[in-house]
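Worksheet: the structure to be examined is printed underneath.
The values are calculated or read from the model by the stated rules, or taken from the named source; none is laboratory data. Model, not experiment: these values are computed from the prediction. Cβ atoms come from the backbone with ideal geometry, glycine included; neighbour counts cover every protein chain shown. When the accessible area is computed, the model is the full protein with side chains, heavy atoms only, and any ligands, DNA or RNA have been set aside. Shrake-Rupley method; radii C 1.70, N 1.55, O 1.52, S 1.80 Å.
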Amino acid sequence: MSSPPRDEAIALLEPVVADAVSAAGFDLEELDVQQAGRRRLVKVVVDSDDGVGLDEISELSRAVSKVLDAHEHVLAGAYTLEVTSPGTDRPLTKPRHWRRARHRLVKIKLSDGGELTARVGAADDEGVQVLAEQQIRTLAYRDIERAVVEVEFQQPPAQDLVLLKRAADGPEGDDREDTEESR
């Protein structure tokens, strides 16, 4: 029995793998099926708002393996399963990626050709607030060509976090004076 082409295998497996991943409380970020010699390599990339731990990866591997075994006709033979979380170099392409990157430093390439390095604030389905050069900016996702998290080896500056919180709280947020009653 021959296995279907790569794109067809992915199309057939993605819904059932996504269901298994979702049932475990995670998001399926990517499913890939590659030929690796006589075997197929099935790569499943998952994420969640709380991140993904090693124990959870192990549980997900078992759940996804069961689903793949139940659909063995699609892979038509032996396979190697790799379940992992996204790397730091994953582009931020969906609103949930931006929500998960809150307070992280990102390098952003804008559609108009501009570039900036900014700290991520509040994000919704339309866009994201960022702090760049001590100024809060709201960027629509449609105006962002590419964005990637920058690796930092220290905590974000406290002042940056305060500015982002005030921006997220809105104009009536925490602009009141610091009095005994507001402490």
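Computed values, structure above
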{"quantity": "Selection within segment 45-77 - touching an Asp or Glu at 6+ places or on another chain (Cβ under 7 Å) and not polar (S, T, N, Q)", "calculated": "45, 46, 47"}
{"quantity": "Looking only at segment 41-73, and only at residues there that are at pLDDT below 90 and closer than 19 Å to residue 12 by Cβ, the one that is most open to solvent (accessible area, probe 1.4 Å)", "calculated": "72"}
{"quantity": "Residue in segment 96-103 that is more than 17 Å from the chain's Cα centre (by Cα) and either modelled with pLDDT of 95 or more or surrounded by 12 or more Cβ atoms within 10 Å (Cβ to Cβ) (or both) present", "calculated": "no"}
{"quantity": "Those residues of segment 37-50 which are under 18 Å from residue 17 (Cβ atoms) and of a type outside the set (Lys, Arg), in sequence order", "calculated": "41, 42, 44, 45, 46, 47, 48"}
{"quantity": "Any hit, segment 169-176, residues being modelled with pLDDT under 90, basic (Lys, Arg), part of a loop (DSSP other than H, G, I, E, B) and exposed (fewer than 15 other Cβ atoms within 10 Å of the Cβ)", "calculated": "yes"}
{"quantity": "Those residues of segment 85-95 which are crowded, with 16+ Cβ neighbours inside 10 Å and within 20 Å of residue 25 (Cβ to Cβ), in sequence order", "calculated": "85, 86, 90"}
{"quantity": "Residues of segment 124-175 satisfying the condition of being among the β-branched types (Val, Ile, Thr) and under 22 Å from the mean Cα position of the chain (by Cα)", "calculated": "128, 130, 138, 144, 148, 149, 151"}
{"quantity": "Test: residue in segment 70-90 that is within 13 Å of the chain's Cα centre (by Cα) and β-branched (Val, Ile, Thr)", "calculated": "yes"}
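For every residue, the table says whether it meets (1) farther than 16 Å from residue 170 by Cβ; (2) at pLDDT 95 or above; (3) open to solvent by less than 20 Å² (accessible area, probe 1.4 Å); (4) of a type in the set (Gly, Ala, Ser).
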| position | (1), (2), (3), (4) |
| --- | --- |
| 107 | yes, yes, no, no |
| 115 | yes, yes, no, no |
| 128 | no, yes, yes, no |
| 134 | yes, no, no, no |
| 142 | yes, yes, no, no |
